[in-house]
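The values are calculated or read from the model by the stated rules, or taken from the named source; none is laboratory data. The structure presented is a predicted model; accordingly, all values stated were derived computationally and were not measured. Methodologically, a virtual Cβ is constructed for each residue, glycine included, from the backbone with ideal geometry; neighbour enumeration extends over all protein chains shown.
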Amino acid sequence: MKITIKQTDDQLALIRAMGSNNREEAYEAQAAVAELLSPVVSEVINNAPTIGNLYNTISYGEYENPSLPLDLFHDINDENYIQVYSQQVAGGLPYSQVFPAHNELKFSTYTLDSALAFDRKYVRSSRLDVVSKTFTRMAQEVLYKQTKTAFNVLATALVKGKGNTNTAGSQIIASSAADRFVLADFNNLITKSKRINSSFDHGTPIGGVKSGITDLLVSPEMVEELRAMAYNPINTAGAPYASALLDSLPAPESLREEMYRSAGLPAFYGINIMEINQLGVGQLFNKLFGAIVASESATVAGGGGGTWSTTADEILIGIDRTKDSLIRPTVVGEGSPSEFQVLVDDQFSVRQNKIGYYGKVEEGRICINDKALIGLAV
């Protein structure tokens, strides 16, 4: 992710004006840069391929009383009550409430912000790279906070999800073999997602079972397992010939060749593969998931069977994005060109010889349908 300011005469003049000894002229130039780059930073954040952007954005005015009519997001003929997960403050523990499908859901938003400053000498010498990197860093800091809050809600909804049972954690299944990710696991995930999306009486929903997994969040190690199917055995059943291994059946040559040619694996079995570095044993999201499991006292399956162990297992998360289940409400300020606002940080005096900027976005994270989520412990 990189924000670049083009080196034109007008841009250079504007940057130099930011370092003027005339306070009014300098402030006007700084405000002009903030107004110019607010939409740019917002677009960079909203288009970044992160977990946060798996949520559908709904914008509200600054003085509105934000709400969601749940019956427009659910088929009320199939579901009488809806489990909703939301956060009240950034980094807080998401909590769940049960709502009738025809109810109006009220929710809270919170502010994510970042403040940065640089020496005035850089603008006086027209250092566009310093200004560009300042706003790039601002976008990175806000994006980091958004990603953590987004995963927090998503993982909590997954852990608390009961599917068609009365047990939290039942939407997470174990891999067929410990530390292995094979075709059988894809098959099990698809079947489990169809069972989860049955009607309220555990029957076939109106219109048939059309739901499924569209995206799968995995670690780089699990992508390695997928690539390894090009040369490793792929099944988990006993082979029809003598072997000490349980998974000794090779993939068809056509499948091996296809996987060999598409090593990047943007999709597999019709499911989009989203590689997340924070997933995997010992990584941030895996630890957060383990902390949520512990805080909820949920019984979650572990890889190959048994129960979840944060130090030995890792979680893979499947999402059905055909459902409007993950919602990101944002507040757009009056007169603001975008949901992300960049303002001049006026805390610095002339003697400090610094120029500062303050960026903020007011948003929330909500999961209104945990049946769109499914987990695989490996």
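Cβ-Cβ distances below 9 Å connect the following pairs, each with a first residue in the range 129-156 that is farther than 20 Å from Gln278 by Cβ and touching a residue at least 40 places away in the same chain (Cβ under 8 Å), a second residue that is part of a helix (DSSP H, G or I) and among the hydroxyl-bearing types (Ser, Thr, Tyr), and a separation of six or more residues or different chains: Val131/Tyr122.
Rundown of residues vs (1) in a loop (DSSP other than H, G, I, E, B); (2) under 21 Å from Thr214 (Cβ atoms); (3) hydrophobic (A, V, I, L, M, F, W, C), yes/no style:
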| residue | (1), (2), (3) |
| --- | --- |
| Lys162 | yes, no, no |
| Thr165 | yes, no, no |
| Phe181 | yes, yes, yes |
| Asn187 | no, yes, no |
| Lys192 | no, yes, no |
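Applying the criterion of being touching a residue at least 40 places away in the same chain (Cβ under 8 Å) and not in a helix (DSSP H, G or I) to the residues of the range 7-20, the residue that is nearest to Gly359 (Cα to Cα) is Met18.
You will find that of Gly305, Gly290, Gly356, the residue that is in contact with a strand residue (DSSP E or B) (Cβ under 6 Å, 6 or more places away or on another chain), modelled with pLDDT of 85 or more and either under 26 Å from Thr111 (Cα atoms) or not hydrophobic (A, V, I, L, M, F, W, C) (or both) is Gly356 and no other. Contact map, the range 162-176: residues that are on the phi > 0 side of the Ramachandran plot paired with residues that are part of a loop (DSSP other than H, G, I, E, B) and modelled with pLDDT of 80 or more, Cβ distance under 7 Å, separation 6+ or inter-chain. Pairs shown: Gly163/Ser170; Gly163/Gln171; Gly169/Ala298; Gly169/Thr299; Gly169/Val300.
Among the residues of the range 18-56, those that are small (Gly, Ala, Ser) and surrounded by 18 or more Cβ atoms within 10 Å (Cβ to Cβ) comprise Gly19, Ala26, Ala29, Ala34, Ser38, Ser42, Gly52. Consider Asn277 carefully, then state whether it is under 28 Å from Asp113 (Cβ atoms), at pLDDT 90 or above, within 21 Å of the chain's Cα centre (by Cα) and loosely packed, with under 14 Cβ neighbours inside 10 Å. Yes: the conditions hold for Asn277. Looking across the range 99-133 at every residue that is among the hydroxyl-bearing types (Ser, Thr, Tyr) and within 24 Å of the chain's Cα centre (by Cα), the one that is modelled with the lowest pLDDT is identified as Ser108. Scanning the range 325-365 for residues that are of a type in the set (A, V, I, L, M, F, W, C), under 16 Å from the mean Cα position of the chain (by Cα) and buried (at least 23 other Cβ atoms within 10 Å of the Cβ) returns a single hit, Leu326. For the range 307-351, the set of residues classified as assigned to a loop (DSSP other than H, G, I, E, B), under 19 Å from Gly280 (Cβ atoms) and not hydrophobic (A, V, I, L, M, F, W, C) consists of Ser309, Thr310, Thr311, Asp313, Glu314, listed by residue number. If you scan the range 23-63, which residues turn out to be of a type in the set (Asp, Glu) and free of Cβ contacts under 8 Å to residues at least 24 places away in the same chain? Of everything in the range 23-63, those that are of a type in the set (Asp, Glu) and free of Cβ contacts under 8 Å to residues at least 24 places away in the same chain turn out to be Glu24, Glu25, Glu28.
Counting residues in the range 329-347 that are closer than 28 Å to Ile271 by Cβ, β-branched (Val, Ile, Thr) and in contact (Cβ under 8 Å) with a residue 24 or more places away in the chain gives zero.
Beta carbons closer than 6 Å, at least 6 apart along the sequence or on distinct chains, pair a first residue in the range 101-120 that is in contact (Cβ under 8 Å) with a residue 40 or more places away in the chain and within 23 Å of Ala90 (Cβ to Cβ) with a second that is acidic (Asp, Glu) and surrounded by 14 or more Cβ atoms within 10 Å (Cβ to Cβ) for Thr109/Glu362; Thr109/Glu363; Thr111/Glu362; Ser114/Glu141; Ala115/Asp345.
Among all positions in the range 294-301, there is no residue which is under 17 Å from the mean Cα position of the chain (by Cα) and either of a type outside the set (Asp, Glu) or at pLDDT 90 or above (or both).
Set side by side, the residues Asp370, Asp345, Asp324 differ, and just one is modelled with pLDDT under 90 and closer than 30 Å to Arg127 by Cβ, which is Asp345. Might you check whether a residue that is modelled with pLDDT of 85 or more and either part of a helix (DSSP H, G or I) or surrounded by 14 or more Cβ atoms within 10 Å (Cβ to Cβ) (or both) occurs anywhere in the range 60-72? The answer is yes, given that some residue of the range 60-72 is modelled with pLDDT of 85 or more and either part of a helix (DSSP H, G or I) or surrounded by 14 or more Cβ atoms within 10 Å (Cβ to Cβ) (or both). When the range 289-324 is filtered for residues that are in contact (Cβ under 8 Å) with a residue 12 or more places away in the chain, at positive phi and exposed (fewer than 15 other Cβ atoms within 10 Å of the Cβ), the ones remaining, listed by number, are Gly305, Gly306.
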